[in-house]
């Protein structure tokens, strides 16, 4: 596994891989890697011959400077996990490599006023801008993102389509702990009690899947039931329980293929998100979560 | 010369040119070509082996729908001029090819409140977005823009640096009619009287160059003198006469290397722009206009 710290190094290593005829797969991360991240590399390897990962805690997407400085970092451990996962090139830029008097931003209109957009102002602009930069640096054939951050994934699909980036976004299934909690770097901030209570999120998704399997199609009925199951875990705050359309993330009244049920809730001071995508398969609804 | 109407065609033709080891030069235009445009192709050919031109009147950068519909178009003539100029591939997309529910935009912060930004709201966002799209479609090694649209050129240089587009922006000198009027598609809207009066712009740049050659370094003295020469042509309105720093287009008090003197004025209902870049060469000031 190679490690690059500058844009020039990345470009020259990837140029060499391309010259060998290898397709480029890309997994952008903020580090503190877990099985969720390594599953993205596995997904990428199914489709491409050279795996690039970036590790960069992107200041521009934090609206709270304290959240930025508290974000967990452990580069030694990350590099060993990445090597284990079969990554070919890790890009670890500094702030100075990525941002020098940055005055350009990329924005996708559909995300500013819903779900996490409403609760984390400026967050998605920071994500789109840094990912656009990384796409231009790495020039991958595919880039893999996790379903857990569904709003980010859908927004990036829209960005790629709208700005004609020559690559395909792949959305890989959420990876969960054995008890159902979605993997996240933030989980480490949960104490034992919060960790236990947070399982209500997964239970609420299961409940919604059962209702949909029984023919329920009302978004408000499903949201209410989800809210009741969440309440059993006494979350410290529920940011949202929302059923939206996949393509533009606008709220919908009725469940249909490519609806998304999205949840954000606090346990202690830790904000957790999770979601379920509904797809029609063989004239039945599949609930992917 | 090949003509492509879809993104897929463009990509496949350019892929083939790259496979032959040819560098890709790119000149984005809105058509109605004149010697200004063909000079950009000549500049591009000095550095690359395959010349791509796009012809697309970009709705997104017009703040006035009437200005958009009145923009001159003559594709037959354009194609023949492009062929003559040695263009290898012309990309002529429709609105539908370029924009399908576009929700993503690219913005560069330095241009919104100065010069043309103040007078044409939303204009530059439209330029940055469409050029970002075209860069991702064509993936050129260099893209050539004219000095006449200096604010656009500087903004695009900043966009390329900030978003790490893997290409170089080349700024080619303004091409002028024999009497000094900067070439522009808009010149055709001038009647004989307006056309004659508009020569004061070039005369005012000459005056500024003379003052600088004699040692004048005060931006306000130069602007005042420029204003007096402009007044001799009785412009119907002066949008601005401004001395700014090249890199961020902020107004400056004193002339220094890489200052820009920028002018925008109306003759009749036609808005003309022109400018001069100051550079230090062999410890002297060169005025490029």
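Worth a mention:
- Verdict on residue B:240 being surrounded by 15 or more Cβ atoms within 10 Å (Cβ to Cβ), within 16 Å of the chain's Cα centre (by Cα) and touching a residue at least 60 places away in the same chain (Cβ under 8 Å): no
- Screening the range A:7-31 for residues that are out of contact with any helix residue (DSSP H, G or I) (no Cβ under 6 Å at 6 or more places or on another chain) and in a loop (DSSP other than H, G, I, E, B) and picking the one that is surrounded by the most Cβ atoms within 10 Å (Cβ to Cβ) gives A:30.
- When residue B:247 is tested against the conditions (1) surrounded by fewer than 20 Cβ atoms within 10 Å (Cβ to Cβ); (2) touching a strand residue (DSSP E or B) at 6+ places or on another chain (Cβ under 9 Å); (3) modelled with pLDDT under 95, the lone failure is (2).
- Taken over the range B:140-167, the criterion of being within 22 Å of residue B:9 (Cα to Cα) and surrounded by fewer than 22 Cβ atoms within 10 Å (Cβ to Cβ) is satisfied by B:141, B:142, B:166, B:167.
- Index of the failed condition, residue B:274 passing every other in (1) under 20 Å from residue B:175 (Cβ atoms); (2) modelled with pLDDT of 95 or more; (3) out of contact with any helix residue (DSSP H, G or I) (no Cβ under 6 Å at 6 or more places or on another chain): (3)
- Meets criteria (part of a strand (DSSP E or B) and within 21 Å of residue B:173 (Cβ to Cβ)) for residue B:249: no
- Residue within the range B:202-209 that is touching a strand residue (DSSP E or B) at 6+ places or on another chain (Cβ under 6 Å) and part of a loop (DSSP other than H, G, I, E, B) present: no
- Taking the range B:136-150 as the range and being within 8 Å of the chain's Cα centre (by Cα) and assigned to a strand (DSSP E or B) as the test, the residues that pass are B:145, B:146.
- Any hit, the range A:72-95, residues being part of a loop (DSSP other than H, G, I, E, B) and within 14 Å of chain B (Cβ to nearest Cβ): yes
One line per residue, one yes/no per condition, for (1) outside any helix (DSSP H, G or I); (2) without any contact (Cβ under 8 Å) to a residue 40 or more places away in the chain; (3) more than 14 Å from chain B (Cβ to nearest Cβ); (4) within 15 Å of residue A:273 (Cβ to Cβ):
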position	(1), (2), (3), (4)
A:162	no, no, no, no
A:174	yes, no, yes, yes
A:178	yes, yes, yes, no
A:211	no, yes, yes, no
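The values are calculated or read from the model by the stated rules, or taken from the named source; none is laboratory data. Since this is a predicted model, take the numbers as computed values, not measurements. Please note: Cβ atoms are built from the backbone with ideal geometry, for glycine as well, and neighbour counts cover all protein chains shown.
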